[in-house]
Amino acid sequence: MNVGSVSTGSGTSSIRQFQQLASREFLQLLVTQLRLQDPLEPVKEQDFITQLAQFGTLEGVNNLAGQVEKLNYLVETQLVQGAGWQAVGLIGRRVTVDLGNEQVTGVVTGVRWADGRPKLLIGGQAYELAQVREVQEEPLVLFEEGKR
């Protein structure tokens, strides 16, 4: 059987198609073997049972792969949602982000979603949540001095 490369992420449909193809080919091979066997020396019962067990194992692995794929999607969704809530919780707080060669400190004024991830808005710039090194409570100013 000739199998091309399989990629992760958007290639999950390719994996599913390969699994279906493998199941069909296995069944076709089993049926062809039974049809073409020598009537004077048929397939031994034990060999036939072994092949059926292999087919059952193949189906089980295919089902398990599908369930793992669904679980992976749920975990990824939960992680993204958790990061989103964490980012929203930083609105109004003073944070310091590490840019490698420098640090930026400012108040988080909002959250922007880009590339499927939340970015913190500080001084009009968007920063990754993973770049945050320090979080401080920003004091609330109810009235400006001299104005009431």
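Coordinate-derived values only; no laboratory data. Note that the structure is a prediction, hence the values are computed from the model and not measured. Quick reminder, even Gly has a Cβ in these numbers, built from the backbone with ideal geometry, and neighbours come from all protein chains shown.
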Can you put Y73, Y127 in order, fewest other beta carbons within 10 Å first? Y73, Y127
V111 neighbourhood, Cβ < 13 Å, K/R = +1, D/E = -1, net charge +3
Against the empirical 2.2 N^0.38 Å scaling, what ratio does the C-alpha Rg of the stretch 90-136 come to? 1.02
In what sequence do D38, D47, D98 fall when counting other Cβ within 10 Å, fewest first? D38, D47, D98
Summed over the other residues with a beta carbon less than 14 angstrom from that of G100, with K and R at +1 and D and E at -1, the charge totals -2
